[in-house]
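Engineer: Below are the structure tokens for one structure; questions will follow.
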Amino acid sequence: MALATAGSVVGLVLLVALGEWSGLVWLIPPLAASSALIFGAPALPLAQPRSVVGGQLLSALTGFAVLAVSGSSVWGAGVAGGLALGVMMLARTPHSPAAATAVIVVAQSPDPLLFLGLLAAASALLCAVGVAVGRVRGATRYPTYWW
């Protein structure tokens, strides 16, 4: 439990530090939930790198597609969150925190290239910290599988 907690803190604080250094937002709430899965339940399919990175990116893309059609609205945000689940299931990248990423995209209308780049890097960084912690952890290694 202590190692999982420490890993989560390190991963999230690294995102904050990168944000402070770059002046950009690296930590969004769904990534804190991703961190909880990576470190708290590392054997779950939802916590594997394919699902974390792929689910986050596909959900963000779903959010941008809905944003293009509906504009920024609470109705569109709700649709994007729901559609994100279907997209992740089709791609076999289920990651429940990522549905919230689609909602954020529609609600906030971020710059697509910047947002997607930061999201990919932040998701990969959390997975990398998960791998490092998994090497130290005895019983449960992370990841269980990559692809």
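Engineer: Got a number for carbon plus sulfur as a percent of region 50-130's accessible area, 1.4 Å probe?
Structural biologist: So the carbon and sulfur contribution to the accessible surface is 77 percent.
Engineer: Between Ala17 and Ala43, what is the spin-label point distance in nm, taking each point 7 Å from the Cα along the Cα→C-beta axis?
Structural biologist: Simple spin-label model gives 3.1 nm for this pair.
Engineer: How far, in degrees from 0 to 90, does helix 29-40 lean away from the longest principal axis of the Cα atoms of the chain, to the nearest 10?
Structural biologist: Helix 29-40 and the main axis of the chain meet at about 30 degrees.
Engineer: Could you state the principal axis extents of the C-alpha atoms in region 8-147, from the largest down, to the nearest angstrom?
Structural biologist: Here the spans come out as 48, 36, 19 Å, largest first.
Engineer: Where does helix 49-70 land angle-wise versus the long Cα axis of the chain, in degrees 0 to 90, nearest 10?
Structural biologist: Between helix and principal axis, roughly 10 degrees.
Engineer: Another question, then. Within region 83-113, which residues have the backbone N less than 20 Å from the label spot 7 Å out from Trp146 along Cα→beta-carbon, could you tell me?
Structural biologist: Inside the label zone: 92-94.
The values are calculated or read from the model by the stated rules, or taken from the named source; none is laboratory data. Since the structure is predicted, the reported quantities are computational estimates derived from the model, not experimental observations. Here the Cβ is made from the backbone with ideal geometry for all residues, glycine too, and neighbour counts use every protein chain on show. Heads up: the accessible areas ignore ligands, DNA and RNA and are worked out on the full protein's heavy atoms, side chains in. Shrake-Rupley method; radii C 1.70, N 1.55, O 1.52, S 1.80 Å.
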